[in-house]
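Chemist: Handing you a structure now.
Every number here is computed from the coordinates shown, using simple stated rules; none is lab data. Bear in mind that the values here come from a model prediction, so they are computed numbers and not experimental data. Glycine gets a Cβ as well: all are built from the backbone with ideal geometry, and neighbour counts include every protein chain shown.
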Amino acid sequence: MEILAFNRWGTDGITVEDPGLKDYICIKPRIVPMTGGKTAKFRFHKANVFIIERLMNRIMNPGHKSKKHLISSGDMTGKGNTAYKIMEQALEIIEQRTKENPIAVVVKAIENAAPREEIVTIEYGGAKYPKAVEVAPMRRVDQALKFMTQSSCQKAFNSKRSIVACLADEILNAYSKSGQSGAISKKLETERQADSSR
């Protein structure tokens, strides 16, 4: 018996084309993608968590931006049921617009939004220098999820548009590599900075 994500969408035929991310994007579906953080205590075990669940976890708490907590009210209160409804409705919108499997669209969007290079600051002789480094595969997925959720939360905050519509737009823009995607813009900016600091 085939298990369907949200009891609606299958994952047969979905593949991760980026060889670096193949082991870190899990597309094993769950009817209710809520494992309750049972992998949180073990290093790298989140690579075995269904990618939609990881995106839902990010929706609950999009994280920090410029050392300030981005949003901690409304839909971003850490409630799993709220995140579940947001994700399901966003996938419905994606399916209506693309006429494709929305899980495949999300996977491709994450691949497109994952940065390949970034900069770190090294200190040498009392002076600090930026240095370009390759991003680890797990961090690439984490960064893509963070950029996508933060961009959609920012667009929905103090706006008439709902978080569902903003999240669906963000995923579709990242899927098509559009410049309107906050995740794609952030990725290009990060890679441009890394390229200039070689």
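Chemist: Once Lys and Arg get +1 and Asp and Glu get -1 on their Cβ, which of M1, I27, I59 lies farthest toward the positive end of the dipole of region 1-73?
Modeler: Working it through, the farthest residue towards the positive pole turns out to be I59.
Chemist: Moving on. About the Cα centre of region 77-132, how large is the charge dipole given +1 on each Lys and Arg Cβ and -1 on each Asp and Glu Cβ? Please answer in debye to the nearest 20.
Modeler: 100 debye
Chemist: Using Cα centres only, tell me the gap between region 86-110 and region 1-64 in whole Å.
Modeler: 14 Å
Chemist: Obtain the nm distance between the two label points defined at R198 and T98 by a simple spin-label model: each point lies 7 Å from its Cα along the Cα-to-C-beta direction.
Modeler: 3.2 nm
Chemist: Additional query: Determine ³J(HN,Hα), in whole Hz, for all residues of region 30-42 in sequence, where each value follows from phi through the Karplus function 6.51 cos²θ - 1.76 cosθ + 1.60 and θ = phi - 60°; x replaces Gly and Pro.
Modeler: Calculated HN-Hα couplings, in order: 9, 5, 10, x, 9, 8, x, x, 6, 9, 5, 7, 10 Hz.
Chemist: What is the Cα convex hull volume of the chain when expressed per residue in Å³?
Modeler: 142 Å³
Chemist: Length gain on complete extension for the stretch K65 to M34, per 0.36 nm per residue less the alpha carbon to alpha carbon distance?
Modeler: Working it through step by step, the gained length comes to 8.6 nm.
Chemist: Over the residues of region 1-84, compute the C-alpha Rg and express it relative to 2.2 N^0.38 Å.
Modeler: In units of the 2.2 N^0.38 Å rule of thumb, it is 1.22.
Chemist: Same structure, new question: Please compute the contact order of region 45-196 in relative form: average sequence separation of alpha-carbon pairs under 8 Å and at least six residues apart, divided by the residue count, as a percent.
Modeler: Answer for region 45-196 is 26 percent.
Chemist: Starting from the 7 Å offset along Cα-to-Cβ, what nm value, one decimal, do you get for the label separation of A127 and K85?
Modeler: 5.7 nm
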